[in-house]
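Derivation of every value follows stated rules applied to the coordinates shown; laboratory data play no part. Quantities reported herein were computed from a predicted structural model and do not represent experimental measurements. With ideal geometry, Cβ positions are generated from the backbone for all residues, glycine too; neighbour counts draw on all protein chains shown.
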Amino acid sequence: MEQVKCYMPQTLQEALEIRNETHATILAGGSDLMVSKSMGAGITPAFSGPVMLIAGVKELKGIRALPDGSVEIGALTTSAEISRSELVHPLLRDAASRMGAIALRNSATIGGNIGNASPKGDMPQPLILLDAMVVLKSIDSERTIKVDDYILGSKKTALSDNEIITKVILPPQNFTHIFFRKIGMRRANAISKLTLSAAAVVKDGIVVDFRASSGAAGPKVARSRAAEEMLIGKTLQELPEVKDAFLDAWNNVISPHAMPEYRRNSTRRMLAYFIDALAAGHPEGRVD
Ligand SMILES: Cc1cc2nc3c(=O)[nH]c(=O)nc-3n(C[C@H](O)[C@H](O)[C@H](O)COP(=O)(O)OP(=O)(O)OC[C@H]3O[C@@H](n4cnc5c(N)ncnc54)[C@H](O)[C@@H]3O)c2cc1C
């Protein structure tokens, strides 16, 4: 039987040294990797090189509020922990709480969800709307980049073979209105067919900020600052006049592959619903 060499570091320093020397595949919760590498019961999973189980690295765990109002989420934080934390922005909590079933949410980590870069992964979509950053550490350097820049495409990331995702940083946000939808085959344990987050800051009847992001709608999360800017600076009364132009622009944000009609029409309806609610003076908070 083939053997897979396994490392089980207990500190971040140890993990960084192992990654630097061996370029071992990082295994966090294993809910993606153990499925994709599985060869069946009793057969060694098909890893092509060594594997590093990072579950024991305490420095990668937990959620902390930072003095500047940002929130730091350790890479090993599970979707169950994120969904329960009052520190985490509700859009990310919504996405985390709708992942798989409870057993999965207890093992699926945020580092793995970003690290996997699946177009159907649920957390990158709100993270990209929130302008979240990811911290990548190697033995001799650390860099902080936008999650949007980390995910290059379907299953492609900017991670170097000596780096580890150590944490995700959510910058402070002051949205007055938020909207989240996940469309799947059923409510629990369903991979996303389409997800959408939208958020706005409305002040004195003017849209000061507007953001939207679509998940499972192309090789990576779709967001367009150019489209968003069509609504920013408009009064609530002006929204109905610019709505169709915005929705047409958003059509082009959705990938032309994989059921574009379904994805474009559904996204258009959801975004129109959110914009109509803003225009109608919806009270601050969640638009459901
Ligand atoms: C039944 C089932 C249902 C699922 N449902 C959903 C769902 O509804 N929504 C959803 O989004 N996903 C779903 N998934 C996929 C999976 O559970 C998630 O993507 C999960 O977040 C992966 O996290 P993990 O810790 O298990 O990652 P792992 O499997 O351990 O790793 C995944 C990838 O990320 C890399 N990685 C992990 N941690 C790091 C790190 N710290 N630094 C750098 N790279 C790292 C790994 O090397 C690997 O490439 C489902 C999976 C299963 C089996």
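Within the range 4-24, restricting attention to residues that are of a type in the set (V, I, T) and surrounded by fewer than 16 Cβ atoms within 10 Å (Cβ to Cβ), which residue is farthest from L159 (Cα to Cα)? Quick ask: steps written out before the conclusion?
If we filter the range 4-24 for residues that are of a type in the set (V, I, T), which is where we start, we get 4, 11, 18, 22.
Right, trim to surrounded by fewer than 16 Cβ atoms within 10 Å (Cβ to Cβ) and you get 4, 11.
Working: V4: 23, T11: 20 Å.
So, considering only residues that are of a type in the set (V, I, T) and surrounded by fewer than 16 Cβ atoms within 10 Å (Cβ to Cβ), the one farthest from L159 (Cα to Cα) is V4.
If you take the residues of the range 162-192 that are part of a loop (DSSP other than H, G, I, E, B) and touching a helix residue (DSSP H, G or I) at 6+ places or on another chain (Cβ under 8 Å), which of them is surrounded by the fewest Cβ atoms within 10 Å (Cβ to Cβ)?
If we filter the range 162-192 for residues that are part of a loop (DSSP other than H, G, I, E, B), which is where we start, we get 162-163, 171-176, 184-192.
From what's left, touching a helix residue (DSSP H, G or I) at 6+ places or on another chain (Cβ under 8 Å): 162-163, 189.
On the way: N162: 18, E163: 21, N189: 14.
This residue is N189.
State all residues of the range 116-149 that are over 23 Å from V35 (Cα atoms) and not hydrophobic (A, V, I, L, M, F, W, C); if no residue qualifies, say none.
So the first thing to find is which residues in the range 116-149 are over 23 Å from V35 (Cα atoms), and the list is 126-149.
Hits for the range 116-149 are P126, D131, K137, S138, D140, S141, E142, R143, T144, K146, D148, D149.
Sort out for me the strands (runs of 3 or more DSSP E) sitting completely within the range 51-130 that have 3 or more residues that are surrounded by fewer than 21 Cβ atoms within 10 Å (Cβ to Cβ).
Working: elements: 51-53, 63-65, 71-74.
Here the list reads 63-65.
When the residues of the range 216-261 are filtered to those that are small (G, A, S) and part of a helix (DSSP H, G or I), which remaining residue is surrounded by the most Cβ atoms within 10 Å (Cβ to Cβ)?
Of all residues in the range 216-261, those small (G, A, S) come to 216-218, 222, 224, 226-227, 233, 245, 249, 255, 258.
With the extra rule that they be part of a helix (DSSP H, G or I), the set shrinks to 226-227, 245, 249.
Numbers: A226: 9, A227: 21, A245: 12, A249: 15.
Selected residue: A227.
If we scan the range 25-36, do we find a residue that is surrounded by 17 or more Cβ atoms within 10 Å (Cβ to Cβ) and more than 8 Å from the ligand (Cβ to nearest atom)?
So far as the range 25-36 goes, no, none of its residues is surrounded by 17 or more Cβ atoms within 10 Å (Cβ to Cβ) and more than 8 Å from the ligand (Cβ to nearest atom).
Quickly run through the range 193-215 and pick out the residues that are assigned to a loop (DSSP other than H, G, I, E, B) and either hydroxyl-bearing (S, T, Y) or closer than 25 Å to E284 by Cβ (or both).
Answer for the range 193-215, where residues must be assigned to a loop (DSSP other than H, G, I, E, B) and either hydroxyl-bearing (S, T, Y) or closer than 25 Å to E284 by Cβ (or both): D204, G205.
Only one of (1) without any contact (Cβ under 8 Å) to a residue 40 or more places away in the chain; (2) outside any strand (DSSP E or B); (3) β-branched (V, I, T) fails for I145. Which number is that?
So I145 meets the others, but not (2).
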